[in-house]
Amino acid sequence: MDASAKKIMDKIKAGKYEPVYLLQGEETYYIDLISDYIEQHALNESEKSFNQVVMYGKDSSMAAILTHAKRFPMMAERQVVIVREAQDIPDLNKETGSKLLLDYLTKPSPTTVLVLCHKNKTLDKRRELGKKAEQLAVSGTFKKLYDNQVADFVLEYVSQKKYAIEEDAARLLADYVGNDLSRLTNEVDKVLISHDQKETISVNEVMANVGISREYNIFELQKALIRKDWLQAAKISNYFQSNPKKNPVIPMVAFFYSFFSKVLAAHSVGDRSSQGLTSALKISPYAAKDYLTALQQYPQPKTLEIISLLRSADLKHKGVNVGSEDEGQILKELVFRMMI
């Protein structure tokens with residue numbers, strides 16, 4: 001778990017609430033985790049009807065938000081004001097709105113818990129509000145995880161739930177879902193629902209629960225591409241062509257673009273050992289062997305050509321320079337041209 005998120009969660013789980021929380025950044029999972037916990041636990045059910053309000057930034061002026069924040073609680077120790085999508089508050093970045101908030105942060109109501117959920121970006125630190133807000137409120141700024149950190153997040157998340165998972169299974173989930181932690185935890189929870197807590201979660205169980213074919217999936221296709229295994233690549237491409245709804249082209253193009261972009265970067269790395277690539281590309285040591293094989297199979301000029309082919313396939317799917325080809329045909333041609 002993110003260190004600042006853990007620090008905030010530990011305190012609120014102990015019943016220690018602060019007057020203002022500023023939750024911001026690209027990783028929205030922790031913003032939702034903290035704000036949802038406060039919404040569910042800061043007040044008991046009988047207190048919530050009079051003392052808890054959830055507002056949305058686009059529908060709320062700063063003055064309206066602070067009017068709620070300055071009220072006194074009714075028959076309760078505290079009141080809670082949660083502002084979701086706070087980045088959309090119309091006057092937040094205007095002088096009037098930012099001054100109102102800054103004045104409130106300087107002297108917040110001690111009986112109010114104000115939670116500002118500022119998603120996908122942070123306050124502009126060139127402005128006075130952005131410079132001072134983190135000092136005046138309990139602040140958490142959450143960044144997206146690097147690709148090499150996602151599998152470790154899965155391992156930790158599963159462990160916190162009192163389950164165990166194979167490292168390969170954690171990596172499979174990380175590669176399949178990516179670093180969207182909200183979606184990732186949802187996929188992990190799907191697996192946990194039907195799992196025996198005494199058993200370790202396996203790769204096969206992950207595939208069965210998140211809808212990945214054991215033999216025909218994007219990971220096996222990537223392995224075939226890396227090895228230049230023509231027969232296996234053809235089998236998987238044919239399977240995808242026969243199941244276009246379950247295997248759309250665009251996510252595959254994005255998946256391969258991410259991989260071969262790193263292969264291109266790897267060609268410029270001085271230390272091309274497993275350890276050197278792990279450090280330079282910010283990938284897991286387990287994944288480094290795939291990049292070592294790809295470096296041998298795909299010289300730099302060919303890697304550049306593959307990236308161009310992927311861009312072309314993306315445009316074709318969007319209707320640019322495409323004839324009568326369907327999604328399956330676009331994919332089969334792409335795979336063939338990548339390997340020749």
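The values are calculated or read from the model by the stated rules, or taken from the named source; none is laboratory data. Computed from a prediction, not measured in an experiment: that's the story for all the values here. Note that we place each Cβ from the backbone using ideal geometry, even for glycine, and neighbour counts take in every protein chain shown. Accessible surface is based on the protein model in full, side chains and every heavy atom, while ligands, DNA and RNA are left aside. Shrake-Rupley method; radii C 1.70, N 1.55, O 1.52, S 1.80 Å.
Couple of notes before you dig in:
- Residue that is nearest to residue 310 (Cα to Cα), among those in region 236-255 that are among the small types (Gly, Ala, Ser) and surrounded by fewer than 16 Cβ atoms within 10 Å (Cβ to Cβ): 254
- In region 267-285, residue least open to solvent (accessible area, probe 1.4 Å) [restricted to those that are in contact (Cβ under 8 Å) with a residue 24 or more places away in the chain and either in contact with a strand residue (DSSP E or B) (Cβ under 9 Å, 6 or more places away or on another chain) or in a loop (DSSP other than H, G, I, E, B) (or both)]: 283
- Complete set of residues in region 170-204 that are open to solvent by less than 70 Å² (accessible area, probe 1.4 Å) and among the basic types (Lys, Arg): 171
- Tally of residues being open to solvent by less than 20 Å² (accessible area, probe 1.4 Å) and either at pLDDT below 90 or not hydrophobic (A, V, I, L, M, F, W, C) (or both) across region 154-169: 1
- One residue stands out among those in region 205-214 that are assigned to a loop (DSSP other than H, G, I, E, B) and in contact (Cβ under 8 Å) with a residue 24 or more places away in the chain: the one that is least open to solvent (accessible area, probe 1.4 Å), which is 212.
- For the residues 28, 67, 112, 96, the requirement of being polar (S, T, N, Q), open to solvent by 20 Å² or more (accessible area, probe 1.4 Å) and in contact with a strand residue (DSSP E or B) (Cβ under 7 Å, 6 or more places away or on another chain) singles out 28.
- Sole exception among (1) within 19 Å of residue 146 (Cβ to Cβ); (2) of a type in the set (Asp, Glu); (3) in a helix (DSSP H, G or I); (4) more than 24 Å from the chain's Cα centre (by Cα) for residue 290, by number: (4)
- Only one of the listed residues (123, 105, 136, 101) is open to solvent by 20 Å² or more (accessible area, probe 1.4 Å), among the hydrophobic types (A, V, I, L, M, F, W, C) and within 16 Å of residue 24 (Cβ to Cβ). That residue is 136.
- Taking region 79-92 as the range and being open to solvent by 20 Å² or more (accessible area, probe 1.4 Å), at negative phi and within 26 Å of the chain's Cα centre (by Cα) as the test, the residues that pass are 84, 87, 88.
- In the set (1) within 28 Å of residue 159 (Cβ to Cβ); (2) hydrophobic (A, V, I, L, M, F, W, C); (3) open to solvent by less than 30 Å² (accessible area, probe 1.4 Å), residue 233 fails one condition alone, (1).
- Residue 56 being crowded, with 19+ Cβ neighbours inside 10 Å and in contact with an Asp or Glu (Cβ under 9 Å, 6 or more places away or on another chain): no
- Residue check for residue 226: at pLDDT 90 or above and either in a helix (DSSP H, G or I) or crowded, with 18+ Cβ neighbours inside 10 Å (or both): yes
- Residue 148 vs. criteria open to solvent by less than 50 Å² (accessible area, probe 1.4 Å), modelled with pLDDT under 95 and assigned to a helix (DSSP H, G or I): yes
- Residues that are assigned to a helix (DSSP H, G or I), open to solvent by 50 Å² or more (accessible area, probe 1.4 Å) and touching a residue at least 40 places away in the same chain (Cβ under 8 Å), drawn from region 312-335: 317, 327, 329, 332
- Checklist (1) within 30 Å of residue 17 (Cα to Cα); (2) out of contact with any Lys or Arg (no Cβ under 9 Å at 6 or more places or on another chain); (3) not small (Gly, Ala, Ser) applied to residue 134, failing item: (2)
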